[in-house]
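**Student:** Sharing a structure here in structure tokens format.
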Amino acid sequence: MDFWTWFSIIYVFVAVTISFLFIDENLRLVFMLIAFLLYVSIYNVHFSIKYYYKIRNEPGIKGDRGDPGDTGEKGSDGVCAMAKSCGIASCRKLVVDTLMKKFPEYVIIRDKLTKNIELNSKEKKQNRQINTYIDLLVAKCEVFEKTSDANNNDTTVNDFKAIIEQTINN
């Protein structure tokens, strides 16, 4: 038997024993009603605490996904502080911009991603392939930037755009 069963038996025994000390029947009845109300109150407190401890660490039912939050502020593009002539300032931005001009589907995918709209399976596959391609071109851009003549930024950018278009055509 658990704690609550023993407590109930002892409580009833003590209450009945004490009620026999009252000579007047009305006082005995009042005492028994007060004892009963006290028992019910203790019972409620006990099971409320027991229930709280039981459900405290259990996860609830998973709800629907909430609305996407507000878009954060646009950060700065940064500055080139390492050298007098930077060459290609952002290889990734150059590659992405060039690919967006060549592939209109990629513009739609990027737009959906910025608006937190879920992509379908075809778009997910295209996005994975294009991101892999972008990673390859960014690595190639960084190597190209180190080996090229960094005196004229416009020709460096145009030369690398030509390389991007050449790889797309192949």
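The values are calculated or read from the model by the stated rules, or taken from the named source; none is laboratory data. Bear in mind the structure is a predicted one, so any value in this text is a computation, not a measurement. A quick note on method: Cβ atoms are made from the backbone with ideal geometry, for glycine too, and the neighbour counts reach across all protein chains shown.
**Student:** Would you tally the residues in the stretch 11-32 being surrounded by 10 or more Cβ atoms within 10 Å (Cβ to Cβ), of a type outside the set (D, E, K, R) and farther than 14 Å from residue 43 by Cβ?
**Tutor:** First, the residues of the stretch 11-32 that are surrounded by 10 or more Cβ atoms within 10 Å (Cβ to Cβ): 11-16, 18-19, 22, 27-32.
Filter once more, keeping what is of a type outside the set (D, E, K, R): 11-16, 18-19, 22, 27, 29-32.
Adding the requirement that they be farther than 14 Å from residue 43 by Cβ leaves 13-14, 16, 18-19, 22, 27, 29-32.
Qualifying residue count for the region: 11.
**Student:** Something else about it: Mind listing whichever residues of the stretch 116-143 are under 21 Å from residue 166 (Cα atoms), in contact (Cβ under 8 Å) with a residue 24 or more places away in the chain and not β-branched (Val, Ile, Thr)?
**Tutor:** Answer for the stretch 116-143, where residues must be under 21 Å from residue 166 (Cα atoms), in contact (Cβ under 8 Å) with a residue 24 or more places away in the chain and not β-branched (Val, Ile, Thr): 133, 137, 141, 142.
**Student:** Then there's this: Mind counting the residues in the stretch 45-65 that are among the small types (Gly, Ala, Ser) and modelled with pLDDT of 85 or more? Steps first, please.
**Tutor:** First, the residues of the stretch 45-65 that are among the small types (Gly, Ala, Ser): 48, 60, 63.
Applying the additional criterion that residues be modelled with pLDDT of 85 or more yields 48.
Residues that pass the stated criteria total 1.
**Student:** Still on this model: Between a first residue in the stretch 103-115 that is under 11 Å from residue 131 (Cβ atoms) and a second residue that is β-branched (Val, Ile, Thr) and assigned to a helix (DSSP H, G or I), which pairs have beta carbons less than 6 Å apart while being 6 or more apart in sequence or on different chains?
**Tutor:** Listed by first residue and then by second, the contacts come to 106/130.
**Student:** What pairs can you find where one residue is in the stretch 51-76 and within 19 Å of residue 117 (Cα to Cα), the other is of a type in the set (S, T, N, Q) and assigned to a loop (DSSP other than H, G, I, E, B), and their Cβ atoms are less than 9 Å apart, with a gap of 6+ or different chains?
**Tutor:** 68/116; 69/116; 71/116
**Student:** Further question on the same structure: Residue 90 fails exactly one of the following numbered conditions: (1) surrounded by 10 or more Cβ atoms within 10 Å (Cβ to Cβ); (2) modelled with pLDDT of 90 or more. What is the number of that condition?
**Tutor:** Answer for residue 90: the failing condition is (2).
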